[in-house]
2 protein chains.
Amino acid sequence: MPTSPTSEPLTAASVRLPAELVARSGFLLVRLGLNFKARALEQMAAAGFSQYHYSVLALLDEEPRETQAQIADTLGLDRSQLVRILDGLEDRKLIARHRDTTDRRRHTVSVTATGRRQLHKLRHTIDRLEDELLAPLDQRDRDALHALLLQLAETHDPSCADPN
Amino acid sequence: MPTSPTSEPLTAASVRLPAELVARSGFLLVRLGLNFKARALEQMAAAGFSQYHYSVLALLDEEPRETQAQIADTLGLDRSQLVRILDGLEDRKLIARHRDTTDRRRHTVSVTATGRRQLHKLRHTIDRLEDELLAPLDQRDRDALHALLLQLAETHDPSCADPN
């Protein structure tokens, strides 16, 4: 690390976070979460996508025909935000909007074959980032971590709860 | 939940996140981390403090006399940001600045007795929030989670590494 003669040298001790913070699981969650989010956003942005594009495609891959209201509620987006996201996906032919046959004021949305191919690519990008994140853990520890995180998420965030 | 007759009812199914997202440890880390951060900021703000006030006081409690440069480097703050944080703490008599006897251009910073009492209060607030967060886990699972998070943090974020 280049240091000018007048700058105070960065010793190992001076860049170690307070032990009190590192001892907190909450602090580590925040720190790891923010770092991972930043990396994921950066990688998706490099491909011209946002986290919401990925979430919407993943949702439509599981629920083939959702109304705009359902998508917004599921992903916690406001309606105008969702409209912009869907416009971006529709412009690239990744989703299609359809007028609901039972209620013509409503639109349903589905993912196209092109959208499904793009979803595979985004999924691959996130898989790779998660592999990097979890690299220090063997499969057993990865499973243990996931089970623990899921237990917290299911308690604090019902939208993460398994319906079964 | 009140719903007007014309709104689409929010069924349990419509607010469940895509299984693909919930299956990702990276996603759960981000979601839990952001939620915890929001709660911690809110609670600290209610007491008139920010996360940085807490971090600075915790650091000075462990390293009694740090230069401003050391504090900024340790906590990853830029110098002008740190000056504002220290000004806020000094106005409330929670820290004291001293001119370094060996280099009069430098200032060292220490926590006052009042600052230490305030640190205890902030620590108590965060303890309570962490207890809420970790409530679904028994002590053994809490320890397991912490060890796993620490392993990730030590790999990806050397400032979290144990010096010993």
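Read the figures in this text as sums done on the coordinates, not as results from a lab. Every value quoted in this text rests on a predicted model; they were computed, and no experiment measured them. For neighbour counting, all protein chains shown are included, and Cβ atoms are generated from backbone atoms with ideal geometry for every residue, glycine included.
Before moving on, here are some points about what is shown:
- Label-to-label distance, nm, for residues given as B:A23 and A:D78 (7 Å Cα→Cβ offset): 3.4 nm
- Modelled label positions at A:T114 and B:T67, each set 7 Å beyond Cα in the direction of Cβ, lie 5.8 nm from each other.
- Scanning chain A for the beta carbon that comes closest to the axis linking it by rotation to B yields A:G33, 1, distance in whole angstrom.
- Take the Kirkwood radius over Cα pairs of chain B, plug it into Stokes-Einstein at 10 °C and 1.306 mPa s, and you get 83 µm²/s for translational diffusion.
- Taking amide H positions as modeled 1.01 Å from N, with prolines and chain starts lacking one, the residues under 5 Å from B:H107 and 5 or more places away or on another chain are B:Q68, B:D100.
- Spacing of the two label points (7 Å from each Cα toward its C-beta) at A:D162 and B:V15, in nm: 2.2 nm
- Inverse of mean 1/r across different Cα pairs in the range B:50-136, Kirkwood, Å: 13.5 Å
- For the range B:50-136: relative contact order, % (alpha-carbon pairs under 8 angstrom, 6 or more apart): 31 percent
- Acute angle (nearest 10 degrees) that the helix A:139-156 long axis makes with the longest principal axis of chain A, alpha-carbon atoms: 70 degrees
- Lys pairs under 23 Å by Cα in the protein assembly as shown, provided they are eight or more residues apart or on distinct chains: 5
- Taking each residue as 0.36 nm, the span from B:D143 to B:D91 lengthens on full extension beyond its C-alpha to C-alpha distance by 14.8 nm.
- DSSP-loop trypsin sites (Lys or Arg not before Pro) across the range A:55-164, with at most 11 other Cβ within 10 angstrom: A:R104, A:R105
- Ascending list, in nanometres, of distances separating the B:D162 label from those of the other copies (7 Å, Cα toward Cβ): 3.3
- Cα-based helix-to-principal-axis angle, A:79-91 vs chain A, degrees rounded to 10: 80 degrees
- Nearest-first distances (nm) between copies at B:H98, label 7 Å from Cα via Cβ: 7.5
- Put simply, the amide H of B:T112, placed in the peptide plane, has neighbours under 5 Å in B:I95, B:A96, leaving out anything fewer than 5 places away on its chain.
- Computed from the C-beta positions of A:T155 and A:E42 and an R0 of 51 Å, the FRET efficiency is 0.95 to the nearest 0.05.
- Prolate/oblate/rounded call for the range B:91-164, Cα gyration tensor, a/c under 1.5 rounded: oblate
- With the convex hull drawn around the C-alpha atoms of the protein assembly as shown, the volume per residue stands at 183 Å³.
- Contact order for chain B, expressed relative to its length and based on alpha carbon pairs under 8 Å spaced 6+ residues apart, stands at 17 percent.
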